[in-house]
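Reviewing the structure listed below.
The values are calculated or read from the model by the stated rules, or taken from the named source; none is laboratory data. Computed from a prediction, not measured in an experiment: that's the story for all the values here. Cβ: placed from backbone, ideal geometry, glycine included. Neighbour counts: every protein chain shown. The accessibility values were calculated without ligands, DNA or RNA, using every heavy atom of the protein model including side chains. Shrake-Rupley method; radii C 1.70, N 1.55, O 1.52, S 1.80 Å.
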Amino acid sequence: MMVRGRRAARRSRAKSRSSMYIVNRERELAQARALSGALAIAERAGWRIDRSVPILPMPFRNFLHIAAAELLLVPSIEPSRGDLDTVERGTRIARCDALVVKASSAGHRTVYCAVGEWQRHGTVWHHARRLWLSRTSEAWLVPDPAEPDESDAIFRLSLGRLRPMRPARLSATAGGCDLAPGLARADAFLAAVWGDR
């Protein structure tokens with residue numbers, strides 16, 4: 001009876017370890033996807049990550065600083081907007097904007113971004129932005145069409161700071177205001193980065 005109990009306990013521990021490995025492995029893959037998505041966005045924008053800045057204290061160690069754009073680039077796998085409180089504290093310490101990049105974990109593979117504009121009185125957030133590429137490969141962050149309640153601000157990814165613009169600016173660049181082709185181009189670009197195609 002005692003031997004059976006020990007065997008069952010060993011099997012339970014082994015099963016627990018294997019499920020922990022799967023959860024940790026999935027987490028590592030999600031982290032890698034968020035980081036590679038963030039770095040791909042940085043490359044499209046022409047940003048250079050500044051490694052000469054003093055290391056930010058915990059819990060800001062995974063933030064990438066882009067001095068030229070006065071920006072913290074934050075790859076994230078948190079399931080909700082709860083991590084934005086931490087990012088907001090980071091923007092106050094660094095006195096710069098933030099771009100939080102999350103890779104989708106299920107279904108359609110893409111990145112979802114939140115842009116935080118640092119201001120003296122607090123950080124103004126623009127959630128549910130997606131990467132959009134023009135026919136000439138200009139990169140923008142645009143509102144996700146599946147999130148109609150968000151603001152309509154768009155952001156051009158360029159060497160300077162991220163500044164909110166009106167969608168009319170994008171339609172003039174793109175030759176139309178249908179977001180679908182640009183989102184499809186961006187998703188194809190990300191799929192190539194992630195090796196999905």
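Is at least one residue of region 113-121 in contact with a Cys (Cβ under 9 Å, 6 or more places away or on another chain), open to solvent by less than 10 Å² (accessible area, probe 1.4 Å) and outside any loop (DSSP other than H, G, I, E, B)? Checking region 113-121: not a single residue is in contact with a Cys (Cβ under 9 Å, 6 or more places away or on another chain), open to solvent by less than 10 Å² (accessible area, probe 1.4 Å) and outside any loop (DSSP other than H, G, I, E, B). Screening Arg197, Arg161 for residues that are surrounded by 15 or more Cβ atoms within 10 Å (Cβ to Cβ), modelled with pLDDT under 95 and not in a strand (DSSP E or B) leaves exactly one candidate, Arg161. Evaluation of Trp132 against the conditions (1) hydrophobic (A, V, I, L, M, F, W, C); (2) open to solvent by less than 30 Å² (accessible area, probe 1.4 Å); (3) modelled with pLDDT under 85 shows that the sole unmet condition is (3).
Over 16 Å from the mean Cα position of the chain (by Cα), outside any loop (DSSP other than H, G, I, E, B) and either under 30 Å from Ile93 (Cα atoms) or at pLDDT 85 or above (or both): which single residue out of Ala38, Ala8, Ala68 fits that description?
Only one candidate passes the filter, namely Ala68.
Looking across region 135-158 at every residue that is in a loop (DSSP other than H, G, I, E, B), closer than 19 Å to Ser104 by Cα and not hydrophobic (A, V, I, L, M, F, W, C), the one that is least open to solvent (accessible area, probe 1.4 Å) is identified as Asp144.
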